[in-house]
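Notes for the one structure printed next.
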Amino acid sequence: MTESDGTGRVLIIDDDPLVGQMLRAHVIAAGFEGRLTDDPDTFFEVEREWRPTHVFVDLVMDRMDGLAVLAKLAEAGSKAAVVISSGMGERIIHAAHEVTAAHGLTYAGALAKPCTAADVEAVLSARTNTRPRTEVSAVDPLSDWDDRQFSEAFQEAIDSDSVRFMLQPKVSCRTRAVVGYEVLSRWQVDGVDIPPSTFVTRAEHNGLATALTDRIFANALNWFGDAVGAGDEHLSINVSASEFCTPGLAERLAAACGIGGVDPHRIVLELTETSPLEDARLSLQLLTRLRLKGFRLSIDDFGVGYSSMRQLAALPFSEVKIDRSFVMPIAEAREPEIFVRSILDLAQALGLECVAEGVECGGVLDLLTEIGCDYAQGFHIARPMFPEDLASWAPGTQQA
């Protein structure tokens with residue numbers, strides 16, 4: 001049998017010759033080139049020289065198990081999409097998926113043995129579920145800055161509107177209609193994009209969180225009032241945990257809404273669950289006062305941080321955002337789906353709406369709709385975009 005001149009190259013490592021040959025035949029039938037080996041040294045040599053688009057990795061092998069193969073692929077900086085192949089069952093495959101993600105490799109799916117030609121074709125044609133590697137700039141403009149230098153530069157950036165905001169649409173799972181937008185701050189220094197997790201943390205440390213909140217809030221409200229106007233859409237804005245312990249926050253934000261001509265009922269303030277509230281009593285008072293002013297409150301990244309059921313029930317949140325680490329794999333493994341269903345049941349019992357983050361394929365969105373999730377956002381729906389780019393976007397037209 002000759003290899004196909006297809007659009008992709010698949011390298012298979014499997015120490016069962018019959019299974020390996022069957023997989024290779026299915027790969028070629030799907031229109032891909034396929035190579036097979038049961039020798040780890042040969043596998044890594046071919047991977048390095050041939051640069052496959054996909055690698056099929058058997059988990060249980062005598063000479064080197066699949067987990068060791070994944071570790072070495074990551075060490076070599078492999079760009080191939082990983083397909084896990086195993087007869088060990090769903091829980092083991094899901095755990096291997098998490099190991100793949102932890103290594104920063106691209107995960108393309110799993111094949112439970114025995115598999116069919118249709119299974120192989122489906123996993124090769126599906127959009128890969130990617131946990132992006134952290135891109136490290138060769139030159140980090142902030143690496144040598146002390147607190148004074150950062151504070152001066154960041155304050156200047158705020159004053160000059162160099163700290164901009166992007167928008168990521170949120171849709172109704174049931175109707176697929178746009179229901180709102182999340183505001184995401186962005187800062188570029190010397191042509192390098194600084195991760196928000198970096199500059200927001202330093203802004204908090206240097207007492208600039210309030211200045212950042214006020215500027216982004218005001219600019220986003222001005223855009224929202226002009227571009228969206230009257231309607232039912234809402235605007236979600238992240239607020240630092242340190243701000244939720246700042247007296248006068250509710251009055252400040254309400255005044256900004258008045259200036260921007262936007263009803264506070266259309267604003268959702270997001271508090272990241274991984275940011276603990278230092279003064280629980282003061283925070284409860286401020287959160288309650290924000291609700292009294294009309295703002296909605298959302299607990300972001302739910303499932304990975306500090307909150308408990310008691311906190312969720314006690315604090316006056318109106319929305320829960322399920323963290324992407326649970327949402328992304330729900331179409332492929334039972335355990336994440338069970339977890340998401342449990343959050344939905346808990347939220348609905350407490351009268352809270354649910355948003356799923358990290359929706360990167362249609363199958364996940366369909367499943368979320370089926371199990372009763374309210375809203376969704378993610379790359380399948382739209383990537384974050386600057387306000388000037390939003391006019392040319394419409395639901396169903398994902399950006400590249």
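The values are calculated or read from the model by the stated rules, or taken from the named source; none is laboratory data. These figures come from a predicted structure and were not determined experimentally. Every residue, glycine as well, gets a Cβ built from its backbone with ideal geometry; the counts of neighbours run over all protein chains shown.
Can you tell me which residues in region 314-331 are within 11 Å of the chain's Cα centre (by Cα) and in contact (Cβ under 8 Å) with a residue 24 or more places away in the chain? Within region 314-331, Ile322, Asp323, Arg324, Ser325, Val327, Met328 qualify. Within region 144-159, the set of residues being under 30 Å from the mean Cα position of the chain (by Cα) and assigned to a loop (DSSP other than H, G, I, E, B) comprises Asp144, Trp145. Close Cβ contacts (under 6 Å, 6 or more residues apart or on different chains) running from residues in region 149-176 that are in contact (Cβ under 8 Å) with a residue 40 or more places away in the chain to residues that are of a type in the set (Ser, Thr, Tyr) and surrounded by fewer than 20 Cβ atoms within 10 Å (Cβ to Cβ) comprise Cys173/Thr369. Within region 62-97, the residues that satisfy the criterion of being free of Cβ contacts under 8 Å to residues at least 24 places away in the same chain and acidic (Asp, Glu) are Asp65, Glu75.
All told, Thr369 meets the bar of being modelled with pLDDT of 90 or more, over 18 Å from the mean Cα position of the chain (by Cα) and closer than 22 Å to His234 by Cβ.
For Arg148, state whether it is of a type in the set (Lys, Arg), in contact with a Ser or Thr (Cβ under 8 Å, 6 or more places away or on another chain), surrounded by fewer than 16 Cβ atoms within 10 Å (Cβ to Cβ) and at negative phi. Break it down stepwise before answering.
Numbers: of a type in the set (Lys, Arg): yes; in contact with a Ser or Thr (Cβ under 8 Å, 6 or more places away or on another chain): no; surrounded by fewer than 16 Cβ atoms within 10 Å (Cβ to Cβ): yes; at negative phi: yes.
When the stated conditions are applied, Arg148 does not pass them.
Among what's in region 75-108 and is surrounded by fewer than 22 Cβ atoms within 10 Å (Cβ to Cβ) and closer than 19 Å to His26 by Cα, pick the residue that is farthest from the chain's Cα centre (by Cα). Among those that are surrounded by fewer than 22 Cβ atoms within 10 Å (Cβ to Cβ) and closer than 19 Å to His26 by Cα, it is Gly87. Selection of region 177-208 for residues being touching a residue at least 24 places away in the same chain (Cβ under 8 Å) and among the polar types (S, T, N, Q) yields Ser185, Gln188, Thr198, Asn206.
Residue-by-condition table, conditions (1) assigned by TED's automatic domain parsing to the domain that holds Val268; (2) at positive phi; (3) not in a helix (DSSP H, G or I):
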site: Met166; (1), (2), (3): yes, no, yes
site: Tyr181; (1), (2), (3): yes, no, yes
site: Arg186; (1), (2), (3): yes, no, yes
site: Arg202; (1), (2), (3): yes, no, no
site: Gly207; (1), (2), (3): yes, yes, yes
site: Ile216; (1), (2), (3): yes, no, no
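Looking across Glu156, Glu121, Glu98, one residue alone is among the acidic types (Asp, Glu), at pLDDT 85 or above and more than 24 Å from Met22 (Cβ to Cβ). It is Glu156.
Counting only residues that are out of contact with any Phe, Trp or Tyr (no Cβ under 9 Å at 6 or more places or on another chain) and surrounded by fewer than 15 Cβ atoms within 10 Å (Cβ to Cβ), which one in region 153-183 is nearest to Ala227 (Cα to Cα)?
To start, the set of residues in region 153-183 that are out of contact with any Phe, Trp or Tyr (no Cβ under 9 Å at 6 or more places or on another chain) comprises 155-156, 158-161, 174-178, 182.
Keeping just the survivors that are surrounded by fewer than 15 Cβ atoms within 10 Å (Cβ to Cβ) gives 156, 159-161, 174-177.
On the way: Glu156: 27, Asp159: 23, Ser160: 22, Asp161: 19, Arg174: 25, Thr175: 22, Arg176: 21, Ala177: 17 Å.
Applying the filter and picking the extreme gives Ala177.
Just to check your reading of the model, which residue among Leu350, Leu368 is buried (at least 22 other Cβ atoms within 10 Å of the Cβ) and within 23 Å of Leu271 (Cβ to Cβ)?
Numbers: Leu350 fails: buried (at least 22 other Cβ atoms within 10 Å of the Cβ).
From the options Leu350, Leu368, the qualifying one is Leu368.
Given the structure, is Ala71 under 28 Å from Glu360 (Cβ atoms), within 32 Å of the chain's Cα centre (by Cα) and crowded, with 19+ Cβ neighbours inside 10 Å? Full working, then the answer.
Details: under 28 Å from Glu360 (Cβ atoms): yes; within 32 Å of the chain's Cα centre (by Cα): yes; crowded, with 19+ Cβ neighbours inside 10 Å: no.
No, not satisfied.
Condition first: acidic (Asp, Glu) and in contact with a Cys (Cβ under 8 Å, 6 or more places away or on another chain). Now tell me which residues in region 311-341 satisfy that. Residue satisfying the conditions is Glu319 alone.
Out of all the residues in region 344-374, which are among the aliphatic types (A, V, I, L, M) and under 28 Å from Ser86 (Cβ atoms)? Correct list: Ala356, Val359, Val364, Leu365, Leu367, Leu368, Ile371.
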